[in-house]
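Note sheet for the following structure.
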Amino acid sequence: MERSFLTCSIAERERERLAAVRTTQRLRRFATAVSVLLVLVLAAGLIAFDQYRTSENERHRTVAEQQVALSRQLAAQSTNLLSRNPDLACLLAVRAYRTAPTKEAAESLFAAARVPLRHRLTGHKGAVNTVAVSPDGRTLATSGDIDGTVQLREPDLKLRATTDWIETAVSTGRTDLDEALAVLLRGE
């Protein structure tokens, strides 16, 4: 009886040892699988971050190219208007250079500076710091740097309306003055 008890005991201990070995093997396989998954997730995250960084660089490059193109377009418009409307040509040359200081914008700015102005923008206290032209070219919006007003003018610079900058920002939903003027001029 003792012998059968010992035999059963040894057999039970062997079963427990084998079960422990199987559990250890399962845990090692699980740890290995989790480690592999972690490495894959980390690699995917690094790839995603690199793609994000690449797309952001591409977006910045595209925006810069658009600003250069807009600057060149404004400079060309300024050059074309120089003999017919030197005042507007000067304003466009300034806007072209502020948009992007391209060679064309600088040339149009120097050319516009050599031509005497027919009209002066009056009505703002201090200097005019922002100018925007409507897409159809029939409205010019200016803002003063001291008085906080926005003036809407005809192509001949005749004053059409004056509004408060804050009112313009609230009505257009834009806090950047350039954007607010552009939205105001588009009639959105």
Which of 131, 94, 111, positive extreme of dipole for region 53-166 (C-beta unit charges) = 111
inquiry  = What's the ranking of 83-93, 64-74 by average number of surrounding C-beta atoms within 10 Å, highest first?
reply    = 83-93, 64-74
task = Calculate, for residue 83 and residue 122, the FRET efficiency according to 1/(1 + (r/R0)^6) with r their C-beta to C-beta distance and R0 35 Å; round to the nearest 0.05.
result = 0.90
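A short reminder: the numbers here are calculations on the coordinates, not readings from a lab. Here the structure is a predicted model, which is why all the values come from computation and not from measurement. Backbone-built Cβ (ideal geometry, glycine too); neighbour counts: all protein chains shown.
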